[in-house]
1. When Rg and Dmax of the Cα atoms in Å is calculated directly from the model, which label among [x] 20.6, 61; [y] 22.8, 74; [z] 24.6, 74 fits?
2. In the structure displayed, which of 53/287; 167/358; 209/356; 122/356 lie more than 20 Å apart, Cα to Cα?
3. Relative contact order for the chain: what percent, with Cα pairs under 8 Å and sequence separation of 6 or more?
4. Can you classify region 198-274 as rounded, prolate or oblate using the Cα gyration tensor, where a ≥ b ≥ c are the square roots of its eigenvalues, rounded means a/c under 1.5, and otherwise it's prolate if a/b beats b/c and oblate if not?
5. Can you spot the aspartates and glutamates whose alpha carbon is less than 18 Å from residue 75's alpha carbon? Ignore those fewer than 8 places along the same chain.
6. What ranking do 179-191, 292-304 get when scored by the average of other Cβ atoms within 10 Å per residue, highest first?
7. Apply the Karplus parameterisation 6.51 cos²θ - 1.76 cosθ + 1.60, with θ equal to phi minus 60°, to every residue of region 295-301 and state each ³J(HN,Hα) to the nearest whole Hz, in sequence, with x for glycine and proline.
8. If you fit an axis through the alpha-carbon atoms of helix 89-101 and take the longest principal axis of the Cα set of the chain, what angle between them do you get, 0 to 90°, nearest 10?
Amino acid sequence: MHPMVLTLLSSRPTPRVMPPSMVISVCTGGACAESGSELLLEACAALAAGDVKTDVSSQFCSGECPACFAMISPKKGSIEAYEASCSTLEEALASAEAAIATAEVTVTAGLKDAFMACVEAKAAEQSGDMASALQHYSSVLDTVPSSLLEPCQAELASEKAEWAGSKWQESTFSSLLTLSASVDEAEFGICGGATTIVDRKVVTMPEVKLLDCTADGTSLSGRWEDTDGGAGAFELSMSASGRTFDGTLSHADGSESVAWRGTRKTKPERVRGRPVARLQAPPSRVKWLHDTLLGRARCHAALGDASAAVDDATAATALCCRAVTGWVALAEALEALGEAEAKAALAARAEVDFLKAKP
């Protein structure tokens, strides 16, 4: 397995999350968007990245539509929304610095240069100049403080690598697979029976039973029978995290085997009694760095360096482990390396499935 992936799969430190004391909102709808508010939003997020107590967010519409300006609202004290210039990079940076100054926060050294390099990298990538884009993306990552590249999202808890008593949302029959408390039971699992749409028609899938099963650590095998008279064998393998499985289901009549994947059903996460979303977007202060890592991974891939693409995608998932885009990029980079990294690629795809699945 690729060394960076091995590092990723090891335990990560739990990030310290502090509530923001100031929120800068930028309107990104209507006339504001036409005036360059997305650039202003990104500039505010990048320049405020050094202060964990300042958060930057978008507002679809502020209710005001200025000509050639965007509405910005540093929500601290009695400061009200006002018009800000952002039609050029220089104007956006100046407006972002002014907004951040209202919080009496000093822009961390290097962030302004890093953001300018980030803008240049995106422009080069969009024009197809991957070599120049790679150089600019690397300049961003070399310039920002290393603390901004440390993990910023709470790691998903691993599950016990046990089959007995577990429940899984499985792919083949679009249903919940429920396993009994003991693998020694003749009927260890049951799934199917769900109603789905096939060719615009409502279809009820057959009920499926897992029989004569054998569990060997993270492996599970046995035979299956369904209420439509179908039968065959199956083999499943649980991921190292215990959150997903993949395998095959074969038919006794010799027809083609099908892939069988599943995501463990878990209780919703809670922090201080409140539910926490499993899938989370990167925080505003590091989103541009997460995107920078993914951008450099794309450049490496386009230039034929799949191993370097894996390194950057791995770093992106370590930075924001609950953001699905990093895991998708990692799976694609690993798949580009071929059969040698097939198992690691499946593990990355499994993380995508788990993040997207409902608890």
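Read-outs throughout are calculated quantities, based only on the coordinates presented, and are distinct from any laboratory measurement. Computed from a predicted model, the values in this text were never measured in an experiment. Backbone-built Cβ (ideal geometry, glycine too); neighbour counts: all protein chains shown.
1. [z]
2. Result: 209/356; 122/356 exceed 20 Å.
3. For the chain, the relative contact order is 14 percent.
4. Values: a/c = 2.48, a/b = 1.42, b/c = 1.75.
Judged from the Cα gyration tensor, region 198-274 comes out oblate (a/c at least 1.5, b/c at or above a/b).
5. 42, 51, 55, 64, 83, 97, 104
6. The most tightly packed comes first, giving 292-304, 179-191.
7. Using θ = phi - 60°, the values come out as x, 5, 4, 4, 5, 4, 5 Hz.
8. Long axis of 89-101 versus the principal axis of the chain: about 90 degrees.
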